[in-house]
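Reviewing the structure listed below.
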Amino acid sequence: MNGSTLTWTNDDVTDWLIEAAHTAHRLPPVRVQGYFNVWPAFVRTDYERMASDDTPTYRFPPSPAEIERMLVVMQWMQCLAVEQRKLVWMRAERWRWHEIGKRFGVAPRTAQRRWETAIGLVTAHLTHRDR
């Protein structure tokens, strides 16, 4: 959001969506409470570790401010239809237009136009809300 004009632009909304998607990927994994593993840990040799596909992923957890902004963006999504939410979120996760078009069964340019329409709806919703 622009600090001086208090108006939202499509670029502002897009930037917040991209940040929210990035924050969502940095959250810790969800685990079911109450279950635990009683199997002992396997000790692997060096050769087994090199051959395994299990590469540890190290992510820094998001800050509370980033999580708060992500939750704000999730509230924005309520003004969109379910298909529009999926489309907007896929693009925020940096999916290619060709892949998005295949997912929705449309041409890539049609998917792009629908995304632009959805971003415009969110921008209009935020602009009218802030007045």
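The values are calculated or read from the model by the stated rules, or taken from the named source; none is laboratory data. Fair warning: this is a prediction, and the values are worked out from it, not measured in the lab. Heads up, the Cβs are rebuilt from the backbone with ideal geometry, glycines too, and the neighbour counts pull from every protein chain shown.
Among residues of region 81-97 that are within 15 Å of ALA107 (Cα to Cα), those with a beta-carbon under 6 Å from a residue that is among the polar types (S, T, N, Q) and modelled with pLDDT of 95 or more at least six positions away or on a different chain give the pairs TRP97/GLN112. When region 88-113 is filtered for residues that are of a type in the set (A, V, I, L, M) and closer than 15 Å to ALA20 by Cα, the ones remaining, listed by number, are VAL88, MET90, ALA92. Of all residue pairs spaced 6 or more apart or on separate chains, those with beta-carbon atoms under 6 Å, a first member in region 54-76 that is more than 15 Å from PRO28 (Cα to Cα) and among the aromatic types (Phe, Trp, Tyr) and a second member that is modelled with pLDDT of 95 or more and surrounded by 10 or more Cβ atoms within 10 Å (Cβ to Cβ) are TRP76/VAL122. Going through (1) under 17 Å from ASN10 (Cβ atoms); (2) modelled with pLDDT under 85 one by one, GLY34 falls short only on (1). The helices (runs of 4 or more DSSP H) found entirely in region 62-131 that carry 3 or more residues being under 19 Å from ASN10 (Cα atoms) and basic (Lys, Arg) are 82-92, 108-129.
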